[in-house]
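These notes concern the structure reproduced below.
FYI, it's all coordinate maths here, none of it is from the lab. None of these values were measured; they are calculated from a predicted model. We place every Cβ from the backbone using ideal geometry, glycine too, and count neighbours over all the protein chains shown.
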């Protein structure tokens, strides 16, 4: 045990010192900070090129096509102020240039069509959709009213159509938020585990392995290394989560933050499930990577040796993603228990409120047994393959190595 | 204390890497392991360190079977390697801790050996910034830092310049004085002759010659004479029907098959009033014996 701690401490120190680790962490932190600033950035862009909160727009119906009903628009719940004043193009242009208004609309008749001349200073600007819809509705209602149809009849003819999606399974949480978390979870598991392969291959290619295996057992090296890298992964996640929380508090509008938190369904149960499956998922992939890493002798072979593991990870992740769109079914049950996909699928289900404690326990037992089997095979192959500096090892050689006493 | 290998064998697939090797190192000193590339030296070393398992035979240290979990031998592998991007001091502490040392003791030992091996100034640098020779001295430190009783050195001098070779040589001499048991494999025969009391020459996995180096050499008759004279003695050599192996500035190396013919040569040279600066009857060197035993 003492040696496992020594190996993991050394691995941790080395990883934390590495420039690639520091740079990657900083880049992800910057991405998170930028991500939480997207609404602010969008606002800034829309403020410059589109109509924003509190901007004034003049509407001019010089030919009285709306039959004087435009004043009713002042009661509409729009994001900008409307001023109904007969104006010419030049007058509107002057007011825009003097920053008295942001835009103007001149309503005209062209043949049998109605033309909205949207006058604005910005070449990128477009007339707000809600303003177009509001003007169209008002025009139609006014015309029907002129035919002698009552207001009630008009409401009956032109009702508002809304859509409400209701799923057969009661799912909590915002699938967008859950997808984001699941992608982060996948990358955290996958890239932490990948580091194990890198670290082992580096020790092989720098020929340090022989000194190492006379200092401690291969089992200690594999366990110490996976523990050390896993802890570094957790440290990195904690740093990123803290960055996300601080960024959310600093940059996200309180109303938006409230919606985000209330819809994300990150319950204590979901957090515990996520943490346990992150650790176990990491261990499963870390041991598989320890196996492939120990079979590589040259740095240029790492990629090809790790490709099958990458496919396994991606298959597991996509099976898990599929369960999110179809929460009930055979494949979903399979994904929750299959050790390659369960580390990604179970946290989703916990967040969606679909995972019972019984489901979690069965999935955990299967995952732990799988980890023990993979660890046993990985340590055995590592012990026999680490001193192989020769040609590329194929599957047949790996099986032979496993059978070697 | 003793290291005993008894009838040890190892196969890789159908290839026999080590075939029935036995050796005993029962007193402090250096035991030389010789052989061409692929002779089975490294496999023998890896087996006695418990890195790979033997197929048959016994390997014991102090009467107990060698097990990787129990041994704490020092080892300088032939395949040199240190962590390239890690501070030297940190990796030395790491290996010392893995070998059971406390951090404080490890630091003391590092400072002590760094001074002797003249690498003090490199301790706080990363390994990639060091020359090959200095990297090798660092790796030599990892082999001896935990003060092991048995040290295995696989080609300790390969790639070292004369100054560093001398430093390592002195360390090895002192280790033997301190009562260490050393197994050393090397290609440089003069080095083996200088250090080793006992040797084992391997060829294709088998022991082709084994025993006390002095006794082995005593079984060989003198086979050449070296003479340094003031005048050309080619005629005298021809007269005695001897073959010149080498000649440079009136220094001759002449092949002989009997010591008496060397004395006859010396008599004739003296009678001819030629000044003799040096005269030495020589037995086969370890190099000669090695080539005789393993040369195809």
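Structure data summary
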read-out	value
Distance between modelled label sites at residue A:303 and residue A:326, nm, 7 Å Cα→Cβ extension	3.5 nm
Residues A:341, A:294, A:356, A:199, sorted so that the one with the fewest Cβ neighbours within 10 Å comes first	A:356, A:199, A:341, A:294
Partner chain coverage, peptide B:256-268 - average Cβ within 10 angstrom	0
Neighbour-count order for A:285, A:186, A:269, fewest beta carbons within 10 angstrom listed first	A:269, A:186, A:285
Relative contact order of chain A, pairs being alpha-carbon contacts under 8 Å that are 6 or more residues apart, as %	19 percent
Most to least packed among B:253-260, B:110-117 [average Cβ atoms within 10 Å]	B:110-117, B:253-260
Two-decimal Rg to Rh for segment B:224-294 - Kirkwood Rh, Cα set	1.00
FRET E, pair residue A:279, residue A:242, Förster distance 30 Å, beta-carbon r, rounded to 0.05	0.95
Footprinting exposure proxy for B:12, B:73 (fewest neighbouring C-beta atoms within 10 Å first)	B:12, B:73
For the protein assembly as shown, Kirkwood radius (reciprocal of mean inverse C-alpha pair distance, Å)	33.0 Å
Computed label-point distance, nm, for sites residue B:19 and residue A:1 using a 7 Å Cα→Cβ extension	4.9 nm
Two-site FRET efficiency, residue A:255 against residue B:128, from Cβ-Cβ distance with R₀ of 51 Å, rounded to 0.05	0.40
Most mobile of B:144, B:274, B:182 in a GNM of chain B (Cα contacts under 10 Å)	B:274
In degrees, nearest ten, helix A:342-352 long axis to first principal axis of chain A (Cα)	40 degrees
Antiparallel DSSP beta bridges within segment A:59-192, as percent of all bridges there, nearest 5	75 percent
Where labels lie 7 Å past Cα in the beta-carbon direction, separation of residue B:85 and residue B:173 in nm	4.2 nm
Percent antiparallel among DSSP beta bridges (both partners in the protein assembly as shown, rounded to 5)	60 percent
Estimated 222 nm signal from helices in chain B, with DSSP H stretches of n ≥ 4 weighted -39500 (n - 2.57), rounded to 500	-10500 deg cm²/dmol
Segment B:3-218, relative contact order in percent, only Cα pairs under 8 angstrom and at least six apart counted	30 percent
Calculated FRET efficiency for the pair residue A:163/residue A:112, C-beta based, R₀ 30 Å, to 0.05	0.40
For a label point 7 Å along the Cα-to-beta-carbon line of residue B:219, residues of segment B:187-202 with backbone N under 19 Å	B:193, B:196-202
Residues in segment A:102-116 that a label on residue A:62 would reach, taking backbone N under 17 Å of a point 7 Å out along Cα→Cβ	A:104-111, A:114-116
Stokes-Einstein translational diffusion, chain A - Kirkwood Rh over all Cα pairs, 0.692 mPa s, 37 °C, in µm²/s	125 µm²/s
Average beta-carbon neighbours from other chains, 10 Å sphere, peptide B:140-153	1
Over segment B:3-218, equivalent-ellipsoid semi-axes from the Cα gyration tensor in Å	29, 19, 17
Top of A:339, A:299, A:159 by mean-square fluctuation, Gaussian network on chain A, Cα under 10 Å	A:159
Percentage of interatomic Cα-Cα distances in segment A:218-373 larger than 25 Å	41 percent
Ellipsoid equivalent to segment A:1-131 - semi-axes via the Cα gyration tensor, in Å	59, 14, 12
Per-residue mean of C-beta atoms belonging to partner chains within 10 Å, peptide B:77-86	6
Nearest 10 degrees, 0 to 90: helix A:218-251 Cα axis against chain A principal axis	20 degrees
Gaussian network model of chain A, springs between alpha carbon atoms under 10 Å - residue of A:289, A:337, A:80 with greatest fluctuation	A:80
